[in-house]
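Here the structure is laid out as structure tokens; the discussion comes afterwards.
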């Protein structure tokens, strides 16, 4: 997950961008960001740094929570020359992904290149994630077994 301070921007749009960036592989984000051309210089405020978070689970989705285990998370915070700040969190240890996501979050909060980010980063990545979900659903549906009971006529 990633987030940025919004300067009069749409928090829902930023949330969608950060959700898609968090779910996307770093190399796909990098390829889409190249379409934006040169990115602004970003001074690191914090990180990228790797840490651990406790993953909690629930039996059946609604039971009592329990600690499942730990997961590595990378976070980064950057500040653009304009003063816009972007924060990003990424599951795993991909520092480049976290930093690039933070830069994109800061650019989004500026607003000047928001349309470009939506068209060249958000749209292709969201489409790729939707196709991935659709593919997994199709694969799961192909293995579906319908069970039925036959009545043999025994009385």
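A few comments on the model shown:
- Residue with peak Gaussian network fluctuation, the chain [Cα springs, cutoff 10 Å], from 139, 110, 49: 139
- Largest GNM mean-square fluctuation across 75, 113, 95, computed for the chain with C-alpha springs under 10 Å, falls on 113.
- Listed residues 88, 128, 22, most fluctuating in the chain (Gaussian network, C-alpha, under 10 Å): 128
- Dimensions in Å of the chain - Rg and Dmax from alpha carbons: 20.7, 84
- Rounded to the nearest 10 degrees, the inclination of helix 95-110 to the longest alpha-carbon principal axis of the chain is 70 degrees.
- Cβ-based exposure ranking for 14, 39, in which fewest neighbours within 10 Å come first: 39, 14
Quick note: the coordinates plus some simple rules give every number you see, no bench work behind them. Predicted, not measured: the structure shown is a model, and the values here were computed from it. So basically every Cβ, Gly included, is an ideal-geometry build from the backbone, and we count neighbours across all protein chains shown.
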